[in-house]
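Rule-based calculations on the coordinates, nothing more; no lab input. Everything quoted here is computed from the prediction, not taken from an experiment. Here the Cβ is made from the backbone with ideal geometry for all residues, glycine too, and neighbour counts use every protein chain on show.
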Amino acid sequence: MNPLIIGSRGSPLALAQVALIKSLLPGTPIETVIIKTSGDKFLGVSLAAAGGKGLFTKEIEDQLLAGTIHLAVHSLKDLPTELPAGLTLAAVPIREDARDVFVSRRYGSLDELPSGAHVATSSIRRKAQLLACRPDLKISEIRGNVATRLQKLTDFDGTLLAAAGLKRLGLWQNVPGYRWQLLDIETMIPAVGQGIIGCEIRQADAATRQILNQFNDTDTFACATAERAFLKTIGGGCQFPYAGHATITGNQLKLIAGVFSPDGRQANLIEVTGTKSEAFTLGEQAARTLKPKLRDF
């Protein structure tokens, strides 16, 4: 049996995600190819300034299209909603915790931060929602992997990280000297796709698709479909303060989505519900309702 060749970034989190996918395919021989992306090279500038989400995926997708790898494993929130012709999102495992975490060396929660506290985040989604609830905060850019961001907290009063990344790395509430607050969805709506690992393949590669069907979680896939339909329809990327998070209970899907002014002074939220089979339509519906609000920013 020929090995399944996985392409991935080389960060600790990316490799932890590849390890998770490998664990879901027992008995399948697997090789891993590490691919450096533009996003790994431009660590000194914001993602928006450097060109957006595709920075973390283009070089991997190039090798997928060339046939040198069978499968690209991504953090789904890094994967653009418009994929190159010939590629498709084929499978997703069960979603990890999608929430954001406030981390600090000195303070145990956002409420404990004093007026004028200095918080670091490179996400304008997080920045806008932080300023919506705490307009007194000073916000600065921060880049780098999870470990780097934790180390940089000697210079800041706190930062926000994805719970999924911390948990996959075994760091959640497991690093001495840090304090943690898991933020509820109402306080900080996650990024589209946060907590989901996306498995991208060539559209015509039926053999790889069949292998991935072993772990594809249909509820998570429906949530991803609704969230990505919202982002695609509203026309945003990582340079826009949009957020969307879907959940499923039984056969019912609920999507909460928001658009924010960059300064956090204006926030427009919507909640739509329907069946799992309506996932894409629900995402479109939320976006079409919120899109006119962008003119007010």
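Local charge for F102 was computed over the other residues whose Cβ lies under 13 Å away, with Lys and Arg +1 and Asp and Glu -1, and equals +2. What the phi angles of the stretch 193-198 give under the Karplus curve with 6.51, -1.76 and 1.60, with θ = phi - 60°, is a coupling list of x, 4, x, 10, 8, x Hz, glycine and proline written as x.
Sorted ascending by nearby beta carbons within 10 Å, beginning with the fewest, F56, F230, F297 become F297, F56, F230.
By DSSP, the beta bridges lying fully in the chain are antiparallel in about 75 percent of cases. Only helical runs count toward this figure. For the chain, summing -39,500 (n - 2.57) over DSSP H runs of n ≥ 4 and dividing by all residues gives -8000 deg cm²/dmol at 222 nm. Taking 22 Å as the limit for the C-alpha separation, the pairs K22/K77; K77/K232; K152/K232; K58/K276; K127/K293 exceed it in the case of K152/K232; K58/K276.
Only one item in [x] 36; [y] 20; [z] 14 matches percent of Cα pairs over 36 Å apart derived from the coordinates shown, and that item is [z].
Could you compute the net charge surrounding G170? Neighbours are other residues with a C-beta less than 15 Å from the C-beta of G170; K and R count +1, D and E count -1. Here the count lands on 0. Exposure proxy shown here: for L169, L79, the number of other Cβ atoms within 10 Å sets the order, fewest to most, as L169, L79.
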